[in-house]
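Asks: A single structure is presented below for examination.
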Amino acid sequence: MLDSKIIRERTELLNESLRKRGVSFDVEALLKVDEKRRMLIKETERLKNEKNKLSDDIARLKKAGSDTKDYITHLKDIGKRIGELDQELRQTEKQWDDMMLIIPNIPHTSVPEGTTEEDNKVVRIWGEKPAFDFEPLPHWDIGERLDILDFKRAAKITGSRFTLYKSFGAQLERALINFMLDLHTREHGYTEVLPPFMVNRQTMTGTGQLPKFEDELFRLDGIDYFLIPTAEVPVTNIYSNEILIEDELPIKFVAYTPCFRKEAGAHGKDTRGLTRQHQFNKVELVKFSLPETSYDELEGLLLDAEDVLRRLNIHYRVSLLCTGDLGFSSAKTYDIEVWLPGQNIYREISSCSNFEAFQARRAMIRYKKTNGKNEFVHTLNGSGLAIGRTVMAVLENYQNQDGSITVPEVLRPYMNGLERFYK
RNA sequence: GGAGGGAUGGCUGAGCGGCCGAAAGCGGCGGUCUUGAAAACCGUUGGGCGUUUACGCGCCCCGUGGGUUCGAAUCCUACUCCCUCCGCCA
């Protein structure tokens with residue numbers, strides 16, 4: 001959520017932001033509702049003030065044994081009027097809230113303007129495309145040949161966009177989770193948390209998934225809980241409605257969770273392999289930062305995520321998302337795109353964002369400054385990394401001509417020292 | 001699932017329907033004292049919203065929502081969460 005002051009006092013900044021993002025929103029209507037809302041607040045508060053004063057008078061008069069009948073009649077009238085106005089105010093505030101909650105964050109000035117991912121800017125390339133003296137296969141072929149990824153049976157068990165991992169496949173998934181958690185906790189200073197995988201509506205609203213993106217979420221029947229689409233949701237909300245202490249910041253968490261997404265808008269897209277699943281694993285990095293250092297923290301977070309691929313020795317590039325490709329809650333996002341030789345493409349494997357105070361304002365996450373004032377923290381997060389997509393990357397980059405897979409060195413301690421997997 | 005108990009400020013814990021945003025203690029912060037620290041003493045110490053250049057002023061918040069009343073932390077009601085015991089259970 002944006003600061004309501006920005007909307008009133010810096011309307012042109014908001015309009016500019018909406019234009020750059022390619023989002024249409026009736027700012028004028030919001031301003032009208034806002035004015036009505038504030039007018040009603042003023043009027044009800046004036047009446048309540050009168051009511052409080054008269055009530056005190058009655059208490060005093062009763063003590064003195066005087067007659068209070070006229071006062072009480074008058075107060076009844078005021079009470080009735082307050083009731084009416086309060087109801088109108090509640091409706092207006094609901095309208096105001098509904099509008100405020102669907103306005104996207106304002107992009108940072110360093111974000112390039114653009115409409116599609118074509119306009120994203122590559123800011124860094126690490127490593128290089130490996131040379132193969134044979135035609136490298138896409139991971140779905142590798143997975144089926146080695147009998148480690150079973151898409152057909154997963155479809156039978158549940159439906160499309162699910163995968164049954166077997167033997168080396170399941171172990172590789174598990175090894176990557178542990179490798180990433182160990183790397184981030186031991187070397188990058190993150191504290192590991194294991195949060196609930198279902199959250200309530202308020203939590204989903206806090207990070208920005210609701211109210212706008214409900215159709216992307218799996219919702220439980222009979223109780224208003226949702227399966228998390230990313231660990232960002234429960235982990236960022238760890239401190240909702242809390243006031244942190246300036247000295248404690250930054251706070252850094254890493255969490256492994258499965259993620260559940262409907263992928264409603266992706267019919268027919270990425271239907272093969274592990275790329276786009278309804279359920280996938282992810283190790284997520286989350287930071288709570290001081291506002292003045294949050295962009296440095298973003299660069300650090302990005303490097304922490306990149307470090308996973310560097311240690312796996314897999315070629316990737318980093319893109320800075322343009323305004324049109326930027327997520328709803330984010331002010332600035334870098335994507336890490338891993339090289340997949342079997343498909344001859346770069347594929348997003350991590351998304352690292354600074355949300356500034358956008359989520360903190362929704363979730364009420366503040367910190368007490370040393371001068372005693374409370375302020376919203378900045379929240380950040382990034383995949384460190386998406387596990388399924390890392391499995392894709394390992395399989396495609398480490399495949400051998402004989403169909404075997406070389407185990408990346410850093411993963412061997414997590415796989416009983418296995419160096420190479422044959423069927 | 002059944003039975004009972006509870007929810008008040010950072011924490012502990014009082015609170016007759018009007019004088020309660022709320023006693024007291026602890027903690028925190030500032031000060032006196034001290035070479036320094038501790039102790040002691042004095043002072044101070046929640047949040048949201050609206051308004052204001054600002055000082056300030058006003059409204060709201062005692063788990064959440066509704067109700068009774070001229071007036072609710074206090075009465076009624078529904079819900080949520082926590083604790084204890086029983087049952088079931090990974």
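Asks: Can you spot a residue in the stretch A:272-286 that is of a type in the set (D, E, K, R) and either under 20 Å from A:Val111 (Cα atoms) or more than 16 Å from the chain's Cα centre (by Cα) (or both)?
Replies: To start, the set of residues in the stretch A:272-286 that are of a type in the set (D, E, K, R) comprises A:272, A:276, A:282, A:284.
Those left that are additionally either under 20 Å from A:Val111 (Cα atoms) or more than 16 Å from the chain's Cα centre (by Cα) (or both): A:272, A:276.
Yes: one or more hits.
Asks: Hey, another quick one. Among the residues of the stretch A:6-44, write down those that are assigned to a helix (DSSP H, G or I), closer than 23 Å to A:Pro112 by Cα and of a type in the set (D, E, K, R).
Replies: Passing the criteria: A:Glu12, A:Glu16, A:Arg19, A:Lys20, A:Arg21.
Asks: Only one of A:Ile157, A:Ile148, A:Ile142 is touching a Phe, Trp or Tyr at 6+ places or on another chain (Cβ under 6 Å) and either open to solvent by less than 40 Å² (accessible area, probe 1.4 Å) or free of Cβ contacts under 8 Å to residues at least 24 places away in the same chain (or both). Can you tell me which?
Replies: A:Ile148
Asks: Within the stretch A:36-51, which residues are open to solvent by less than 90 Å² (accessible area, probe 1.4 Å), more than 6 Å from RNA strand B (Cβ to nearest atom) and more than 21 Å from A:Met99 (Cα to Cα)?
Replies: Of everything in the stretch A:36-51, those that are open to solvent by less than 90 Å² (accessible area, probe 1.4 Å), more than 6 Å from RNA strand B (Cβ to nearest atom) and more than 21 Å from A:Met99 (Cα to Cα) turn out to be A:Glu43, A:Thr44, A:Leu47, A:Glu50, A:Lys51.
Asks: Would you pick out the residues in the stretch A:226-259 that are at pLDDT 90 or above, open to solvent by 10 Å² or more (accessible area, probe 1.4 Å) and assigned to a strand (DSSP E or B)?
Replies: Answer for the stretch A:226-259, where residues must be at pLDDT 90 or above, open to solvent by 10 Å² or more (accessible area, probe 1.4 Å) and assigned to a strand (DSSP E or B): A:Leu227, A:Ile251, A:Lys252, A:Phe253, A:Tyr256, A:Pro258.
Asks: Failed condition for A:Tyr398, given (1) surrounded by fewer than 24 Cβ atoms within 10 Å (Cβ to Cβ); (2) in contact (Cβ under 8 Å) with a residue 12 or more places away in the chain, with all others met?
Replies: In the conditions (1) surrounded by fewer than 24 Cβ atoms within 10 Å (Cβ to Cβ); (2) in contact (Cβ under 8 Å) with a residue 12 or more places away in the chain, A:Tyr398 misses (2) alone.
Asks: What pairs can you find where one residue is in the stretch A:169-194 and under 26 Å from A:Arg145 (Cα atoms), the other is open to solvent by 20 Å² or more (accessible area, probe 1.4 Å) and outside any helix (DSSP H, G or I), and their Cβ atoms are less than 7 Å apart, with a gap of 6+ or different chains?
Replies: Close Cβ pairs (under 7 Å, with a partner that is open to solvent by 20 Å² or more (accessible area, probe 1.4 Å) and outside any helix (DSSP H, G or I)) amount to A:Glu173/A:Tyr165; A:Glu173/A:Asn281; A:Ile177/A:Tyr256; A:Ile177/A:Asn281.
Asks: Just one of the numbered conditions (1) in contact (Cβ under 8 Å) with a residue 24 or more places away in the chain; (2) in a loop (DSSP other than H, G, I, E, B) is not true of A:Lys51; which one?
Replies: Exception for A:Lys51: condition (2).
Asks: Considering the stretch A:185-195 alone, what residues qualify as being more than 19 Å from the chain's Cα centre (by Cα) and of a type outside the set (Asp, Glu)?
Replies: Within the stretch A:185-195, A:Thr185, A:Arg186, A:His188, A:Gly189 qualify.
Asks: Name the one entry in A:Gly403, A:Gly372 that is open to solvent by 30 Å² or more (accessible area, probe 1.4 Å) and free of Cβ contacts under 8 Å to residues at least 24 places away in the same chain.
Replies: From the options A:Gly403, A:Gly372, the qualifying one is A:Gly372.
Asks: I need the full set of residues from the stretch A:195-225 which are surrounded by 14 or more Cβ atoms within 10 Å (Cβ to Cβ) and assigned to a loop (DSSP other than H, G, I, E, B), in order please.
Replies: Within the stretch A:195-225, A:Pro195, A:Phe197, A:Gly208, A:Gln209, A:Leu210, A:Lys212, A:Phe213, A:Leu217, A:Phe218 qualify.
Asks: Does A:Pro130 satisfy the condition of being open to solvent by less than 80 Å² (accessible area, probe 1.4 Å), over 26 Å from A:Glu263 (Cα atoms) and touching a residue at least 12 places away in the same chain (Cβ under 8 Å)?
Replies: Yes: the conditions hold for A:Pro130.
Asks: Sticking with this one: Tell me, which residue of the stretch A:58-106 that is of a type in the set (Gly, Ala, Ser) and near RNA strand B (Cβ under 9 Å from one of its atoms) is nearest to A:Ile6 (Cα to Cα)?
Replies: Among them, the one singled out is A:Gly83.
Matching residues to (1) outside any helix (DSSP H, G or I); (2) β-branched (Val, Ile, Thr):
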{"residue": "A:Arg362", "(1), (2)": "no, no"}
{"residue": "A:Tyr367", "(1), (2)": "yes, no"}
{"residue": "A:Gly372", "(1), (2)": "yes, no"}
{"residue": "A:Thr379", "(1), (2)": "yes, yes"}
{"residue": "A:Gly384", "(1), (2)": "yes, no"}
{"residue": "A:Arg389", "(1), (2)": "no, no"}
{"residue": "A:Glu396", "(1), (2)": "no, no"}
{"residue": "A:Gly403", "(1), (2)": "yes, no"}
{"residue": "A:Gly417", "(1), (2)": "yes, no"}
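Asks: Among the residues of the stretch A:406-415, write down those that are part of a helix (DSSP H, G or I) and either open to solvent by 10 Å² or more (accessible area, probe 1.4 Å) or farther than 13 Å from A:Val391 by Cβ (or both). Write out each step before concluding.
Replies: Looking only at the stretch A:406-415, we keep the residues that are part of a helix (DSSP H, G or I), and these are A:409-414.
Correct list: A:Glu409, A:Val410, A:Arg412, A:Pro413, A:Tyr414.
The values are calculated or read from the model by the stated rules, or taken from the named source; none is laboratory data. For clarity, every value in this text was computed on a predicted model and none was experimentally measured. Here Cβ is always computed from backbone atoms with ideal geometry, including for glycine, and neighbour counts include all displayed protein chains. Just so you know, the surface numbers come from the protein's heavy atoms only, side chains and all, with ligands and any DNA or RNA stripped out. Shrake-Rupley method; radii C 1.70, N 1.55, O 1.52, S 1.80 Å.
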